[in-house]
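Here the structure comes first, spelled out in structure tokens, and everything after it is commentary.
Nothing in this text is a laboratory measurement; each read-out follows from the coordinates by a stated rule. What you are looking at is a predicted structure, and each value in this text was computed from that prediction instead of being measured. With ideal geometry, Cβ positions are generated from the backbone for all residues, glycine too; neighbour counts draw on all protein chains shown.
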Amino acid sequence: MHGIARVRTTEEEKIKKQKERQAKLIVYKTCMEKIFLKRSQKAYDEESLKLTAEVLGDNPDFGTLWNFRREILLSYDTNIEEFLDIELRLTENCLKVNPKSYYAWYHRIWALEKKKNANWNLELGLCNKYLKFDERNFHCWDYRNYVVNKANINLNDEFDYSTQKIQENFSNYSAWHYRSKLLTKLFPNFREMNSEEETKHRDELELVINAAFTDPYDTSAWFYQRWLLGASSKDIGLAVCRVSPEKSYIAFNQSISLNQANFQVDVSVNGSVISGSWKSLSGFQLDVMWILVHDSEIDLTSCSNVEITLIRHDESKDVIICDRGNEYVGYAPISFSNNFGKSVIEELKDQQQSCEQLLELEPDSKWTLLTFAVILNSIDHISNYQKCHELLSELMSLDPMRKNYYKDLLSRWHIQYCLETNFDSVKQGRFKCQSDDDGLVEITKLYYLQYWSACKSVNARGFKLTSRSLSSFQVLQNCQILDLGNNSIESLCGFPSLPELRTIYLDGNNIESNDLQYLKNCEKLETIYLNNKIAVDDFKSIIPSLKSISLRN
């Protein structure tokens, strides 16, 4: 039919697009072959820049090509400045293709670092533009943080900017995260809770609860609140100390890097500081337990005083006086209570009431339930323990996908509760942290093992520990009896060297007999309790000290 445009059939259109793709692929392959050949020949010329720019314009995430461009530009030495503006234009074009291209953002930073006079106001405007396109572009937020630092932009203005972006959209997790970074810069003593910091802490809690209650099912504000409630971390301090003639074992209340610490730890016997070399128990730079290997053996039989002193940079001190026994052992007072000020506690109590009111309207709001539990724990974790336990148990039923998270959190709070309420038994050299009488608490993860480090007897029977928890027992360097019966341990791979261990209970676990080989580093081990009786002679060559493998009575 003359004069009427012929409409292509679906099949014809498909063939046409396929041919176009094939043509592009041929061009792409030809271009890449040239690029790799030129790179192998170190042909650092403008043609190489042109070829890489063509490919990156369609695919900004080709990291190798960005590396090649940097090699080319660095070869120009003093003439690099005139090409940097081209690099900035290229990255901006690439960001139009993919605003979340890590490689494009990184290359832009590299180019700006090379420029003699970077226009930081222009870069801040670029951030504003891309955050209007996508307010959750965390690559752009990270870049903004870089620009703000380089341009020395007023942080109060940036804090106001984060407030604006949050008020525009409470679900903007990136803005909340950015805000947390600014807060610690503006208030470097935020964790110390003096009057100014306490006021800011209270204001932030008020802001975040308003955001959270606007949309109880959005997670962004809830996560920021969790960060705020954890912002009263304690100073580094001593936890438990044990001094023997050859070594001193010092456990801290948190993992530290003693070799890079801005404080000093002294072990003194009868007023004289003991000399020696420090090493971490695990061999890693960060550790909760550090060992002072004495330069010479100490005679403790006639000691009248053994002290461990931690001296901070502000000259404040922690001192533990060790009690005499076969070894000298000392404990710092233990408390897991938050250091919140009065106004923060009052704000938390107001939020507690708000949670209760919201739960009357939305009883299945899991984030409100979790926040309610965290607030109660923050206000008074001892008196509110039972209620927190009930709330987490309810969450396990309501939100089974996060059941293990709630179990781990309950394990932490339960161990805190047991340590504070039964610390006298720890000081006597034994600790038992089993489930409550109602049997609902399942200890799935171990916390604060440093406080058990001097115990000779540790009872973890009836927990729900798996093999992944075994390595954490390394701090039990003084343990002689370890009861791991009725857990969920399937392998002993990774079991640490415990130099004083004599007896271990492993009954009630699904452990193969061959796994006993992993106990070979426990050089004083004499007795093992298992589900099945196994001949001792089969393992004598592996564990020479072993005397019996028995069923539990």
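Some points to look at:
- Net +/- balance of residues flanking VAL208 in space, Cβ distance below 15 Å, scoring K and R +1, D and E -1: -2
- With respect to the chain, whose longest principal axis is taken over its alpha-carbon atoms, helix 403-421 is tilted by about 40°.
- Between ARG312 and GLU33, the C-beta separation translates, for a Förster distance of 41 Å, into a calculated FRET efficiency of about 0.05.
- Sequence of TYR28, TYR130 once ranked by neighbouring C-beta atoms within 10 Å, starting from the fewest: TYR28, TYR130
- Least to most buried among TYR406, TYR106, TYR76 (fewest other Cβ within 10 Å first): TYR76, TYR106, TYR406
- Amide H contacts under 5 Å for SER491, placed H, 5+ residues apart: SER467
- Of all lysines in the structure, the ones whose alpha carbon falls short of 24 Å from that of LYS247, not counting any fewer than 8 places away in one chain, are LYS279, LYS317, LYS427, LYS456, LYS520, LYS524.
- A simple packing score, the average count of other Cβ atoms within 10 Å per residue, orders the peptides 59-71, 244-256 as 244-256, 59-71, with the highest score first.
- Chain lengthening between VAL319 and ARG468 when straightened (0.36 nm per residue, less Cα-Cα): 50.2 nm
- Between TYR417, GLN22, SER174, the Cα set farthest toward the positive side of the dipole of the chain (charges on each charged residue's Cβ, about the Cα centre) is that of GLN22.
- Linear extension gain, ASP538 paired with ASP215, 0.36 nm per residue minus alpha-carbon span: 110.0 nm
- Listed residues LEU525, ALA111, ASN509: farthest to the positive end of the dipole of the chain (Cβ charges): ALA111
- Overall, the chain carries a charge dipole of about 1980 debye about its Cα centre when +1 sits on the Cβ of Lys and Arg and -1 on the Cβ of Asp and Glu, all other atoms neutral.
- Partners of LYS366 within straight-line reach, counting lysines whose Cα lies under 23 Å from its Cα and excluding those fewer than 8 residues away in the same chain: LYS349, LYS387, LYS403, LYS407, LYS445.
- The chain: relative contact order in percent, alpha carbon pairs under 8 Å with at least 6 residues between: 7 percent
- Computed E for ASN152/LYS115 - FRET, C-beta separation, R0 22 angstrom, nearest 0.05: 0.85
- For region 144-149, 3J(HN,Hα) per residue [Karplus equation, 6.51 cos²θ - 1.76 cosθ + 1.60, θ = phi - 60°, Hz, x = Gly/Pro]: 4, 4, 4, 5, 4, 5
- Estimated FRET transfer efficiency (LEU286, ASP203; beta-carbon r; R0 30 Å; 0.05): 0.35
- Only DSSP H runs of four or more residues enter the estimate; each adds -39500 (n - 2.57), and after division by the residues of the chain the mean residue ellipticity at 222 nm equals -14500 deg cm²/dmol.
- Amide N proximity, region 124-163 versus LYS100 label position 7 Å along Cα-to-Cβ, cut-off under 20 Å: 127-146
- With the simple spin-label model, which puts each label point 7 Å out from Cα in the Cβ direction, the ILE334 to CYS303 separation comes to 2.2 nm.
- On full extension, the segment bounded by SER548 and THR163 gains 131.9 nm, given 0.36 nm per residue less the C-alpha separation.
- For region 282-329, size of Cβ-based charge dipole, Lys and Arg +1, Asp and Glu -1, in debye: 100 debye
- Counting beta carbons within 10 Å around each of VAL374, VAL208, VAL273 and listing the fewest first gives the order VAL273, VAL374, VAL208.
- Cα-based reach from LYS16 at 30 Å (exclusive), listing lysines while leaving out same-chain residues under 8 positions away: LYS24, LYS29, LYS34, LYS50, LYS96
- Dipole axis of the chain (+1 Lys, Arg; -1 Asp, Glu on Cβ), positive-most option in ASN338, LEU470, LEU95: LEU95
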